[in-house]
1. Taking the 0 to 90 degree range and rounding to the nearest ten, how far is the long axis of helix 58-70 tilted relative to the main principal axis of the chain, both from C-alpha atoms?
2. State, as an integer percentage, the relative contact order of the chain based on alpha-carbon contacts under 8 Å between residues 6 or more apart.
3. Only Cα pairs within less than 10 Å get springs; with that Gaussian network setup on the chain, which residue of Leu221, Leu45, Leu171 has the largest fluctuation?
4. May I ask for the net charge around Arg182, where only other residues with Cβ less than 13 Å from the Cβ of Arg182 are counted and Lys, Arg are +1 while Asp, Glu are -1?
5. When the C-alpha atoms of the chain are aligned to their principal axes, what extent does each axis show, in angstrom, from largest down?
6. Distances longer than 12 Å among the Cα atoms of segment 211-252: what percent of all pairs is that?
7. Could you please put Asp243, Asp199 in sequence from largest to smallest accessible area, using a 1.4 Å probe?
8. Too long at a 18 Å Cα-Cα cut-off: which of Lys110/Lys166; Lys141/Lys211; Lys7/Lys211; Lys211/Lys320; Lys3/Lys71?
Amino acid sequence: MTKVFTKTAAYDYKTLKPIIFEMIDAMGEGLIPEQSRVLIKPNLLLPAKPETAIITHPNVVRVVAEYVLSKGARPLIADSPAMGSFEKIMKEGGYYQTFKDLDVDFKAFKKSVKVDIGKPFGRIEIARKAVEADVVINLPKLKTHTGMLLTLGVKNLFGCIVGLRKPKWHLRSGVDRDMFARLLLQIYQAVNPAITIVDGILALEGQGPGKSGIPRHLGILAGGRDACAVDMAICSILGVDADELPTHKAAKILGLAGDAVYISGDFNIVQNFNLPDKAPLTMGPKPLQRFMRKHLLQRPEVDDLLCRLCGECRKYCPAKAISQEAETLDFDYDRCIRCYCCIEICPHGALRATETTAGRVLRNLSILK
């Protein structure tokens, strides 16, 4: 049975450092060889302050970098943001201030190499720094995700796909949520992180993983050698059936997840964690699916009071389903693949996944039956 370590923690540096050092030590000896090149991969989705719970807290990343340095290894902190410049994220997220006295390199992923991740995807482009690192340390943020329910250890490594290649993969996966989850699992296998530690001290619930989500203090760190097991442990803490997590279902199909994990440390069930609605992406007989997707299924909508017409959602939309009409956004729901990338990267929290009136009536009728 795979072991996952959980600790009650806070962002105070003096409190955090011994907890993380002890957690990594408990995972086993020799994980970080001397002089090894260690990639530290946090979640740096977009420019946001730490208190928004959108990015991995810089104190968590700093302590992990200090652990790597204590082993005589060479850390590099890198990611490929969905929106905004890497430098802006470093500044707004408090990274430059947190690391001002520590000699550590920060770089955005720029170059990719082709890696065969197996069928059905074959050779895909993954960040060169992730592939060529001797050791990868995966530092996700505990957040909800409108498309994938939660973004945890496995999902975090999608950030190793550089720049606008990410929305292209959303488009290729289309409306098949299970296929996209399988892609995430196979990217995880290719990157093969030695350590995963999820920052759930301040988590994000509701319509995550971007600025539409709601920060919530949980005081949780969860870590282990196996990201699939860590994700499963977090589901247990949140009171969520792991089979509801698409990446966990994919992990079971690929033989990467068992039915149980051994949780060592603090374990307190979180009550009433607000999950997003994970609505179906297709429904009904095939000849009627286009009509039903357009009129009955959950879909992204804009709050005109919050929208500033910055155009970030239009630029990032893999299906090119968003246009600007006069002073508002217009969605082509025939083209929309419900990947919810627009909600994820909106810098103003102006987009929501909403259920249509007709869809809600139909769902209620089904419940009454």
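1. The angle comes out near 40 degrees.
2. Working: 784 pairs, mean separation 68.8, N = 369.
It rounds to 19 percent for the chain.
3. Of the options given, Leu171 has the highest mean-square fluctuation.
4. Details: positive: Lys119, Lys155, Arg172, Arg177, Lys249, Lys252; negative: Asp176, Asp178.
Combined, the nearby Lys, Arg, Asp and Glu give +4.
5. In descending order, the Cα extents are 60, 43, 40 Å.
6. Of the Cα pairs, 64 percent sit more than 12 Å apart.
7. Values: Asp243 65, Asp199 0 Å².
Order by accessible area, largest first: Asp243, Asp199.
8. Details: Lys110/Lys166 13 Å; Lys141/Lys211 14 Å; Lys7/Lys211 27 Å; Lys211/Lys320 22 Å; Lys3/Lys71 23 Å.
In this structure, Lys7/Lys211; Lys211/Lys320; Lys3/Lys71 lie more than 18 Å apart at Cα.
The values are calculated or read from the model by the stated rules, or taken from the named source; none is laboratory data. In this text, all values refer to a predicted model and were calculated from it rather than measured experimentally. Cβ sites come from the backbone with ideal geometry, for glycine too, and all protein chains shown count toward neighbours. These accessible areas exclude ligands, DNA and RNA; they are computed on the full protein's heavy atoms, side chains included. Shrake-Rupley method; radii C 1.70, N 1.55, O 1.52, S 1.80 Å.
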